[in-house]
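Have a look at the structure below, then the notes.
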Amino acid sequence: MLQISVIFYQKMNTNKVLTGIKNEFPNWSNFVENQFYSFSEDVKDILEEQLFKKSIEKFEKMKQQLPSPDGPSFVHMDFRPANIIVDNDKVSGIIDFESVRYGSTEIDFTKLYRDFLSVDVNLYDAYQEGYNSIRPLIDLENVLPFYRFTDAFNSIGWCKRRGIEKNALFLEENLARLEKWLL
């Protein structure tokens, strides 16, 4: 069985001035909100008006229920199977660091859970075990619903920005995910 352990966790010295990597952690909730509302400009052209309004209301409600962010930590922001290089049963590398920044660890669980961990409970358990061998794992059951919802919403906007026709399957998958959250 593939055992994935934590590669990224890097505790950050908050007194250090960063010159190459953005430090979003001090204003993490604003960062997440700004991303959501930036994508909402694209999403409103795709969703029916009522579904769009429900999405905004759901985001605002869920945001209020989040615990304090976990970090600051080095976060990939696109941590998903396509960016994880595996050799036999071991992670041998990570690629695609264009969105990296210092932020809250929970963001990096979202896509990995969506694409990988949610389909196999044994894999999900192995991931948690591996992570806990490095440091305590955040309460995923508490934060994942919010990040999964925002990921589905933001992914719809991403599809519009990158081309609806060439990303039609990904768009449909995320429309279905979003509707499950709202209906």
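The values are calculated or read from the model by the stated rules, or taken from the named source; none is laboratory data. Since the model is a prediction, treat every value here as computed from it, not as a measurement. For neighbour counting, all protein chains shown are included, and Cβ atoms are generated from backbone atoms with ideal geometry for every residue, glycine included. Remember, those area values only see protein heavy atoms, side chains included, never the ligands or the DNA or RNA. Shrake-Rupley method; radii C 1.70, N 1.55, O 1.52, S 1.80 Å.
Data for the structure
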{"quantity": "Rounded accessible area of THR105 (nearest 10 Å², 1.4 Å probe)", "calculated": "10 Å²"}
{"quantity": "Region 34-123: chymotrypsin sites (Phe, Trp or Tyr not before Pro) in DSSP loop, at most 14 other beta carbons within 10 Å", "calculated": "PHE97"}
{"quantity": "By accessible area with a 1.4 Å probe, ligands and nucleic acids excluded, highest first: order of ASP96, ASP139, ASP42", "calculated": "ASP139, ASP96, ASP42"}
{"quantity": "In region 99-168, the trypsin sites (Lys or Arg not before Pro) that fall in loop regions by DSSP, at most 10 other Cβ within 10 Å", "calculated": "LYS166"}
{"quantity": "Diffusion coefficient, µm² s⁻¹, Stokes-Einstein with Kirkwood Rh over alpha-carbon pairs of region 17-78 at 10 °C and 1.306 mPa s", "calculated": "117 µm²/s"}
{"quantity": "Under Karplus coefficients 6.51, -1.76 and 1.60, residue-wise ³J(HN,Hα) of region 21-32 in Hz, glycine/proline x", "calculated": "10, 5, 9, 8, 4, x, 10, 4, 5, 5, 4, 5"}
{"quantity": "Protein-only accessible surface order, largest first, of LEU182, LEU112 at 1.4 Å", "calculated": "LEU182, LEU112"}
{"quantity": "CD proxy at 222 nm, helix term only [per DSSP H run n ≥ 4: -39500 (n - 2.57); per residue of the chain; nearest 500]", "calculated": "-16500 deg cm²/dmol"}
{"quantity": "Cleavage-rule hits (GluC sites (Glu not before Pro)) in region 35-75: DSSP loop, at most 12 neighbouring Cβ within 10 angstrom", "calculated": "GLU48"}
{"quantity": "Solvent exposure ordering (accessible area, 1.4 Å, most first) of LEU175, LEU144", "calculated": "LEU175, LEU144"}
{"quantity": "For region 129-153 and region 48-70, distance of Cα centres in Å", "calculated": "17 Å"}
